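**Q** Quick one: the structure is below, and I'll ask about it shortly.
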Amino acid sequence: MTTLLYGRPPVVFDPPGVGAGGATQTSPLIPDSAALEAQAPGSADYAMIYAPPGVLERRYVLALALKALKVGGRLDVMAPKDKGGSRLGKELKVFGLDVAETAKAHHRRCVVIKPETMQGIEAAIEAGGPQIVPGLDAWSQPGIFAWDRIDPGSALLAEHLPPMKGEGVDLGCGYGALATVVLRSPAVTKLKLVDLDRRAIRAARENIKDDRAKVWWSDARTLEAKGDKDFVVSNPPFHDGGAEDRRLGQAFVRKAAELLKKGGVAWIVANRHLPYEAELDAAFKRVRLVAEAGGYKLFEAVK
């Protein structure tokens, strides 16, 4: 039996195991996973989806899973009630499906059997797929951080960032907005773009056409660090699975310090309420608050 898994459902829902003849993981937020959009139509018997919170992203994932299933295949999907779960049943019914819906562990769970005919599948895939965003003139996709706009934190960093030089890293690069600013400096010799989101990596590769740039799909927290970089720029994430987790940004601060050579500089922007100062002071020789605006604070930190 061919089984697809998307995300990491809570164990209370008894998710299938991955690998060794088990399920194929297809979440773009899990490095080395398969791409759900690459699954052959009608090839899967069963799919379990831990649905993402964004409406366009969620409908896209549901539509792709349904497309990948065989007629008579089973789709099992769940989400927290306050992060899309309360709308799951209605959204599946829009596709012309009969839905069995239950509630458990503060989640809604919907099970459907794929019928011969459905409606609206291709429209949902188009709306949630890779696209050039009007106004940005850049490739992006629903689900990527700040997918259809310039995030205010990144804008603050871009406004104050001096010309960089040497070899650097963009930690949590997104679709490449900050990298575009960094690469305006002819003194930059190499720039490594890193992001956990496969969709962001694909978009960045489309948006950054510069031989100095290399794009890596990886968890920044586990990135190999040799202490040989001249600079790091980062607008660290502070949500994990929809919940605020300030440890993410703190881990990015530590990783930035590990990547840099002595005298190297990190430019890091953060939401004003997040406590990164202690982590910065511990990891760097000198830290300067450069600017505060729009609920964000920008630091320059020298190793």
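The values are calculated or read from the model by the stated rules, or taken from the named source; none is laboratory data. Only a predicted model underlies this, so the values are computations on that prediction, with no experimental measurement involved. For neighbour counting, all protein chains shown are included, and Cβ atoms are generated from backbone atoms with ideal geometry for every residue, glycine included. All accessible areas refer to the heavy atoms of the entire protein, side chains included, with ligands and DNA or RNA removed. Shrake-Rupley method; radii C 1.70, N 1.55, O 1.52, S 1.80 Å.
**Q** Test of understanding: among GLY176, GLY166, which residue is closer than 26 Å to ALA35 by Cα and not charged (D, E, K, R)?
**A** Working: GLY166 fails: closer than 26 Å to ALA35 by Cα.
From the options GLY176, GLY166, the qualifying one is GLY176.
**Q** Among GLU122, GLU91, which is closer than 21 Å to GLU37 by Cα, without any contact (Cβ under 8 Å) to a residue 40 or more places away in the chain and not in a loop (DSSP other than H, G, I, E, B)?
**A** Values: GLU122 fails: without any contact (Cβ under 8 Å) to a residue 40 or more places away in the chain.
Just one listed residue meets the conditions, GLU91.
**Q** When only residues in the stretch 258-303 that are part of a helix (DSSP H, G or I) and open to solvent by less than 10 Å² (accessible area, probe 1.4 Å) count, which is nearest to LEU223 (Cα to Cα)? Talk me through it step by step, then tell me what you get.
**A** Taking the stretch 258-303 as the starting set, the residues that turn out to be part of a helix (DSSP H, G or I) are 258-259, 277-283.
Add one more test, that the residue is open to solvent by less than 10 Å² (accessible area, probe 1.4 Å), and what stays is 259, 280.
Values: LEU259: 9, LEU280: 19 Å.
Result: LEU259.
**Q** Looking only at the stretch 171-178, decide whether some residue is more than 16 Å from ASP230 (Cα to Cα), free of Cβ contacts under 8 Å to residues at least 60 places away in the same chain, in contact with a helix residue (DSSP H, G or I) (Cβ under 7 Å, 6 or more places away or on another chain) and open to solvent by 30 Å² or more (accessible area, probe 1.4 Å).
**A** yes
**Q** Using beta carbons and a limit of 8 Å, which pairs, at least six apart or on different chains, have the first residue in the stretch 277-298 and closer than 13 Å to GLU159 by Cα and the second one basic (Lys, Arg) and surrounded by 18 or more Cβ atoms within 10 Å (Cβ to Cβ)?
**A** Here the result reads ALA291/LYS297, each pair linking the stretch 277-298 to a residue that is basic (Lys, Arg) and surrounded by 18 or more Cβ atoms within 10 Å (Cβ to Cβ).
**Q** How many residues does the stretch 95-119 contain that are surrounded by 15 or more Cβ atoms within 10 Å (Cβ to Cβ) and not in a strand (DSSP E or B)?
**A** Of all residues in the stretch 95-119, those surrounded by 15 or more Cβ atoms within 10 Å (Cβ to Cβ) come to 95, 97, 99, 101, 107-112, 114, 118.
If we keep only those that are not in a strand (DSSP E or B) as well, we get 95, 97, 99, 114, 118.
Summing the residues that are surrounded by 15 or more Cβ atoms within 10 Å (Cβ to Cβ) and not in a strand (DSSP E or B) in the stretch 95-119 gives 5.
**Q** Right, another one. Residue by residue through the stretch 142-166, note down the ones that are part of a loop (DSSP other than H, G, I, E, B), open to solvent by 30 Å² or more (accessible area, probe 1.4 Å) and modelled with pLDDT under 95.
**A** Correct list: PHE145, ARG149, ILE150.
**Q** Hey, could you check the stretch 24-53 for residues that are open to solvent by 50 Å² or more (accessible area, probe 1.4 Å) and of a type in the set (Ser, Thr, Tyr) and say which is nearest to LYS70 (Cα to Cα)?
**A** THR24
**Q** Quick check, is LYS83 modelled with pLDDT under 95 and either of a type in the set (D, E, K, R) or over 17 Å from ALA65 (Cβ atoms) (or both)? Even if it seems obvious, please write down each step before you answer.
**A** Values: modelled with pLDDT under 95: yes; either of a type in the set (D, E, K, R) or over 17 Å from ALA65 (Cβ atoms) (or both): yes.
So LYS83 passes the test.
**Q** Of the residues that sit in the stretch 186-240 and are acidic (Asp, Glu), farther than 24 Å from TRP139 by Cβ and free of Cβ contacts under 8 Å to residues at least 60 places away in the same chain, which one is surrounded by the fewest Cβ atoms within 10 Å (Cβ to Cβ)? First the steps, then the outcome.
**A** First, the residues of the stretch 186-240 that are acidic (Asp, Glu): 195, 197, 206, 210-211, 219, 224, 228, 230, 240.
Adding the requirement that they be farther than 24 Å from TRP139 by Cβ leaves 224, 228, 230, 240.
With free of Cβ contacts under 8 Å to residues at least 60 places away in the same chain added as a condition, the list becomes 224, 240.
Numbers: GLU224: 7, ASP240: 11.
Going through the qualifying residues, I end up with GLU224.
**Q** Starting from the stretch 18-46, keep only residues that are part of a helix (DSSP H, G or I), then list their pairs with residues that are open to solvent by less than 40 Å² (accessible area, probe 1.4 Å) whose Cβ atoms are within a distance under 6 Å, requiring at least 6 positions of separation or different chains.
**A** Cβ pairs passing all conditions: LEU36/THR26; LEU36/LEU64; GLU37/LEU64.
**Q** So, LEU248, is that one at pLDDT below 95 and of a type in the set (A, V, I, L, M, F, W, C) or not?
**A** Values: at pLDDT below 95: yes; of a type in the set (A, V, I, L, M, F, W, C): yes.
It is true that LEU248 is at pLDDT below 95 and of a type in the set (A, V, I, L, M, F, W, C).
**Q** Which members of the stretch 63-81 meet the condition of being over 13 Å from ILE113 (Cα atoms), open to solvent by less than 10 Å² (accessible area, probe 1.4 Å) and in contact (Cβ under 8 Å) with a residue 60 or more places away in the chain? Talk me through it step by step, then tell me what you get.
**A** Going through the stretch 63-81, the residues over 13 Å from ILE113 (Cα atoms) turn out to be 63-64, 78-81.
Those still in the list that are open to solvent by less than 10 Å² (accessible area, probe 1.4 Å) too: 63, 78-79.
Within the stretch 63-81, ALA63, MET78 qualify.
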